[in-house]
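Notes follow the structure.
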Amino acid sequence: MRIIEGDLAGSQVKINQDNATLEVHSRLMVAKSYRLPQDIDTFEVLSNKSFHSFEQWIIMIVLSLTIIGLLISIPMYFLAKKKQFTVRLKPKHGTPITLEGNKEDWKEFKPYLK
């Protein structure tokens, strides 16, 4: 994940599952750290979309022309979706930040949403 608005915009964000903290990395150091969900006042999901890329659509269409390819393209339609989300966090002490992430980040972040 990365910060797109707020303090330290452009910095990478990582969720440490061991102690449930959201760590903001700046220049290979942890600049800020928030305990989840204690230090966060509100979570607001701004966008959450699942989609297929153009290349995936072309591959699925070409595969669906044969019966064996159809058996491959049907599971590909359900399992190969990409995800992009945007979340605004308002910490109890500090300014709000907006995070952007992908499918793997969503799996880590979803349990902390209220």
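The values are calculated or read from the model by the stated rules, or taken from the named source; none is laboratory data. What you are looking at is a predicted structure, and each value in this text was computed from that prediction instead of being measured. Glycine also receives a Cβ, built like all others from the backbone with ideal geometry; neighbour counts cover every protein chain displayed. When the accessible area is computed, the model is the full protein with side chains, heavy atoms only, and any ligands, DNA or RNA have been set aside. Shrake-Rupley method; radii C 1.70, N 1.55, O 1.52, S 1.80 Å.
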In nm, spacing of pseudo-spin labels at Lys82 and Leu113 (7 Å Cα→C-beta vector): 2.0
Principal-axis tilt of helix 67-79 within the chain, Cα atoms, nearest 10 degrees: 10
Rounded accessible area per residue of region 1-41, 1.4 Å, Å²: 62
Answer label for Cα extents along the principal axes in Å (calculated), chosen among (1) 89, 30, 17; (2) 58, 27, 25; (3) 44, 33, 24: (2)
Hits among lysines - C-alpha to C-alpha of Lys49 under 20 Å, sequence gap 8 or more where chains match: Lys81, Lys82, Lys83, Lys103, Lys107, Lys110, Lys114
The chain, helix-only ellipticity at 222 nm - DSSP H runs n ≥ 4, -39,500 (n - 2.57), divided by all residues, nearest 500: -7500 deg cm²/dmol
Those aspartates and glutamates that a straight Cα-Cα span of less than 14 Å connects to Lys14, excepting residues fewer than 8 apart in one chain: Glu23, Glu100, Glu104, Asp105, Glu108
Residues of region 47-79 with amide N under 12 Å of a point placed 7 Å along Cα→Cβ from Gln17: none
Cα-based helix-to-principal-axis angle, 54-63 vs the chain, degrees rounded to 10: 30
